[in-house]
Every structure is written in C-alpha cells, then in structure tokens.
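The values are calculated or read from the model by the stated rules, or taken from the named source; none is laboratory data. The model shown is predicted, which means the values in this text are computed figures rather than measured ones. FYI the Cβ positions are ideal-geometry reconstructions off the backbone, even for glycines, and counts take in every protein chain you see.
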C-alpha cells in the first residue's frame, strides 16, 4: 500500500468513506434502538414511542422518516376509521443485524469492565 502525503493510504481513505456513509445513515441516539424495537414486529407510532420511553414525537417522526428514506423501514397506511399507520422493517434492515449484535456484545463487555474497575478503585475523600 502506497501512502500519499498527509492523506493516508487509499485503503484508509476508502474505509473512512465507508464508515462515514454508515454513520450518516445510523447516526444519532435513536436509530439503532428504533430498529431493535421494530425487530419485534410491526408497530404503531405510539407503541414505538412507549417502547423507546424518552423519545419525543417530533424526534421519533424524524427518525422514522429518515429510516424510511434509507430503506430500513416501510410505513403502511390502512384506510380505516381512524386511519391506522404501521411501521415495519424491510428485509434490507437485517443487513445491520451483525452490527447490532457486535455493539450489544461490546456494550456488555464495556459495562462489565467499567463496573469492575470502579469497584477496584479506592475511595478518596
């Protein structure tokens, strides 16, 4: 791999670009938890909001719209009285399952490590 001045290798630049693309789609506090919640099955807006607890309706609406634009979620409108709107994951959304599982495992290990180290630290007054 040949290195260019100040810009790193082509492989590094390519990796950086790909990671930026992924983070652009999955950015923020709510995208992955929203995908995880919808893995349980199709949900109405209020059901999703109750499951995610602290998310505001405005933010949830924005996040769902962005996931829909990126083909992770489909919004189905049923012409009932009142109108029923259901959100569900697309088959494409399963492409992030390995990422979610890796983050879950790392998060569990990290929490365990931090808790262990905090217990070992002497208390100073």
Screening 15, 37 for residues that are without any contact (Cβ under 8 Å) to a residue 40 or more places away in the chain, more than 20 Å from residue 104 (Cα to Cα) and part of a helix (DSSP H, G or I) leaves only 15
Filter the stretch 39-75 down to residues that are surrounded by 11 or more Cβ atoms within 10 Å (Cβ to Cβ), touching a strand residue (DSSP E or B) at 6+ places or on another chain (Cβ under 8 Å) and farther than 20 Å from residue 24 by Cα, then give me how many there are.
8
Kindly list, by first and then second residue, each pair from a residue in the stretch 48-66 that is on the phi < 0 side of the Ramachandran plot and outside any helix (DSSP H, G or I) to a residue that is surrounded by 15 or more Cβ atoms within 10 Å (Cβ to Cβ) and modelled with pLDDT of 95 or more, limited to pairs with Cβ atoms under 9 Å and residues at least 6 apart or on different chains.
55/30; 55/33; 55/34; 55/48; 55/49; 55/63; 56/49
With the requirement that a residue be free of Cβ contacts under 8 Å to residues at least 12 places away in the same chain and touching a strand residue (DSSP E or B) at 6+ places or on another chain (Cβ under 6 Å), what does the stretch 76-125 give you?
77, 78
